[in-house]
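S.K.: Questions regarding the structure given below will be posed in turn.
The values are calculated or read from the model by the stated rules, or taken from the named source; none is laboratory data. Quick caveat, the model's predicted, so the values are computed rather than measured. Because the Cβ atoms are built from the backbone with ideal geometry, glycine has one as well, and the counts that use them run over all protein chains shown. Keep in mind that these areas ignore ligands, DNA and RNA; they rest on the heavy atoms of the full protein, side chains included. Shrake-Rupley method; radii C 1.70, N 1.55, O 1.52, S 1.80 Å.
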Amino acid sequence: MRTGWIELAAIPAVLLVVYLLRTNTWASRHVRSVWNWLKAWAKLAPFTTVLSLLVAVHAWMLIGLSPRLRDEVLLTHSTTLAHLKKEPLTVLFGSAMWTDVNELVFMALTAFIYLAPLERWIGTWRTVLAFLAGHIGATLLIALWIEETVVLTPEQDRVYARTIDVGISYGAYACAALLAYRLRWPFRLSVWSLMLAYLLYQASLKNFDAAIDYTPLGHLVAFGIGLCLYPLTRTNRARERRHDPWIRISRPTSEFPAAEPTSDNEATSLAR
């Protein structure tokens, strides 16, 4: 088994960064401004922040593992028919928190482009509902399709049982389709058309008889679920925040207002 060389290298790297930040005023000032921006962003999108941290921590746990052992860990949390029948709730919720390390870039883009803007627009709980509707709904519908396929071709059961299906992509595509309702009609239709064309192209690359990979079909189902969640965008909050910035965070104002000058004949109270 590999040793944790990445973890060992990370410790001195972190110490070096901390030392440079303490001794370099320019670096410290810029890092502090970035940190303040991230805190403001996290307060505006708490669900996106928590989900991103959970996915990042689980992906970090896979670093240093051999490819075979990494696949076994992911397969344990995959939404296969056996897992859905044995422990459905654990698999349905846990599968969204596990992903491979190479999917972290997709997670970061999803958080900034889809999830956080949607959460700032329609609210945290409605975003959670939209994400779970896309993730759980697409997973269950694909599971029903797999079960029907296994009934017709029982020899495919062994192949489906070894298929890894984890990650946030189902919920992400549902949220992306729902977020497009914020756009005006011509732009909204253009975004949906581009997404649908990409998902159909992605699905056309798969030979479902030779290599079982039903994730593209799940993406199409999640996209359709997102379109059906239109009522979540008809709330008073969504109408009021329709023109708010998508990603930009307003600069924090001073915590204490400037003191107004007092006249000579006014007494300033120091009583507590």
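S.K.: Being at pLDDT 90 or above, assigned to a loop (DSSP other than H, G, I, E, B) and touching a helix residue (DSSP H, G or I) at 6+ places or on another chain (Cβ under 7 Å) is the filter here; which residues of the stretch 64-98 pass it?
M.R.: 77, 78, 79, 98, listed by residue number.
S.K.: Sticking with this structure for a sec: Would you check if there is a residue in the stretch 136-147 being among the aliphatic types (A, V, I, L, M), in a helix (DSSP H, G or I) and under 22 Å from residue 59 (Cα atoms)?
M.R.: Looking for residues that are among the aliphatic types (A, V, I, L, M), in a helix (DSSP H, G or I) and under 22 Å from residue 59 (Cα atoms), one finds at least one in the stretch 136-147, hence yes.
S.K.: Return a yes/no flag: does the stretch 38-47 have any residue that is more than 11 Å from the chain's Cα centre (by Cα), of a type outside the set (Val, Ile, Thr), more than 22 Å from residue 225 (Cβ to Cβ) and in a loop (DSSP other than H, G, I, E, B).
M.R.: No.
S.K.: Only residues in the stretch 50-79 that are within 15 Å of residue 165 (Cα to Cα) count as the first member; pair them with residues that are surrounded by 14 or more Cβ atoms within 10 Å (Cβ to Cβ) and of a type in the set (S, T, N, Q), Cβ under 6 angstrom, at least 6 apart or cross-chain, and list the lot.
M.R.: 55/99; 59/99; 77/95; 79/95; 79/139
S.K.: When the residues of the stretch 166-204 are narrowed to those that are in contact with a helix residue (DSSP H, G or I) (Cβ under 7 Å, 6 or more places away or on another chain) and not in a helix (DSSP H, G or I), which ends up farthest from residue 229 (Cα to Cα)?
M.R.: The selected residue is 166.
S.K.: Continuing with this model, one more query. When you scan the stretch 73-96, how many residues do you find that are open to solvent by 60 Å² or more (accessible area, probe 1.4 Å) and farther than 17 Å from residue 140 by Cα?
M.R.: 1
S.K.: Tell me which residues, restricted to the stretch 99-134, are outside any helix (DSSP H, G or I) and either of a type in the set (Val, Ile, Thr) or within 16 Å of residue 52 (Cα to Cα) (or both). Steps first, please.
M.R.: Quick first cut of the stretch 99-134, residues outside any helix (DSSP H, G or I) only: 99-100, 123.
Matches in the stretch 99-134: 99, 100.
S.K.: Here's another thing I want to ask about it. Considering every residue within the stretch 140-162, establish whether at least one is of a type outside the set (A, V, I, L, M), exposed (fewer than 15 other Cβ atoms within 10 Å of the Cβ) and modelled with pLDDT of 90 or more.
M.R.: Taking every residue of the stretch 140-162 in turn, none turns out to be of a type outside the set (A, V, I, L, M), exposed (fewer than 15 other Cβ atoms within 10 Å of the Cβ) and modelled with pLDDT of 90 or more.
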